[in-house]
Amino acid sequence: MIVMNKRILIILIALLLVMIEALFLTNFRKVEKNNNAKLANRQDAFENNSSFYGKVIESTIDYIIVEPDENEEERKSSDKISINLGENNDALYYVGTRVKITYTGEIMESYPAQVKAVKIEIKSADKFELKIGKNTVNEKIKKIIDADKTDLFDYNVYEYNCDINITVDEEEMSLKDALLKYPNLANEIIAQANYDLSNEKIKGDMYKDGGSMIYYYKDYTIIKMHTIGGNRDVYIGTTDMTMQDI
């Protein structure tokens, strides 16, 4: 009798385990189906987004007003578009900063017009190319951006033993003029260098002074200071430039 009861108990436990597993698999499939549906909805929403490039003409803690580029479709709706910063308010959007606004696709026809931003990117250009030329002055190290003389930068930018031009979206100008026109361009140059380094397109090294970086390109070298003392200056120069030179 005791043996029989044990067999029944084992069978009941086995049946219970099968039922629990079946219930788990059913719920798992439901969750997976719901997650896939949510992912599909997000993908659809992403694909329905619109975007435009423009320049910040007014900036507050809560919102920015952007003037769309002349060739943007949104310019036909308004020459001024207000964007509530919401979760994007941790960034600094200075007046004159070039931005790419990705939004839900709907434009509220007020003045300024309004859009609901999905993403705000500080963007100077779709593409740029540095061109290193012969140094035409006696100075080996030239300060082309002085942080003490402009509110657009909190660091200095130098050219080392060369004159530098840059092509920004097929428009060529001096590096100095480009930086004044597109204040975030220096950050984008460093961001591109970090990208190229991480993808092994170039070589580079980090110094034990707080994190200063040097990037070795075929035609030029970039040094981005990041010292414990707070130096954040940028140097762009010839391929023989080293940290000791500056």
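The values are calculated or read from the model by the stated rules, or taken from the named source; none is laboratory data. Nothing here was measured: the structure is a model prediction, and the numbers come from that model. Note that each Cβ is placed from the backbone with ideal geometry, even for glycine, and that neighbours are counted across all protein chains shown.
Data table
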| quantity | calculated |
| --- | --- |
| Candidates ASP219, ASP148, ASP169 - the one that is closer than 24 Å to TYR93 by Cα, over 23 Å from the mean Cα position of the chain (by Cα) and not β-branched (Val, Ile, Thr) | ASP148 |
| Boolean, LEU179 is surrounded by 15 or more Cβ atoms within 10 Å (Cβ to Cβ) and either in a helix (DSSP H, G or I) or in the same structural domain as ILE57 (by TED's automatic domain parsing) (or both) | yes |
| Those residues of segment 81-128 which are among the hydroxyl-bearing types (Ser, Thr, Tyr), closer than 15 Å to SER59 by Cα and modelled with pLDDT of 90 or more, in sequence order | SER82 |
| Residues of segment 129-175 satisfying the condition of being at pLDDT below 90 and within 23 Å of ASP69 (Cβ to Cβ) | LEU152, VAL168, ASP169, GLU170, GLU171 |
| Residue, nearest to ILE144 (Cα to Cα), within segment 193-246, restricted to residues that are acidic (Asp, Glu) and surrounded by 13 or more Cβ atoms within 10 Å (Cβ to Cβ) | ASP233 |
| Criterion: at pLDDT 65 or above and of a type outside the set (A, V, I, L, M) - qualifying residue of ASN35, ASN5, ASN49, ASN41 | ASN49 |
| Residues satisfying the stated conditions in segment 93-149, i.e. of a type in the set (D, E, K, R) and assigned to a loop (DSSP other than H, G, I, E, B) | GLU109, LYS123, ASP126, LYS127, LYS134, GLU139, LYS140, ASP146 |
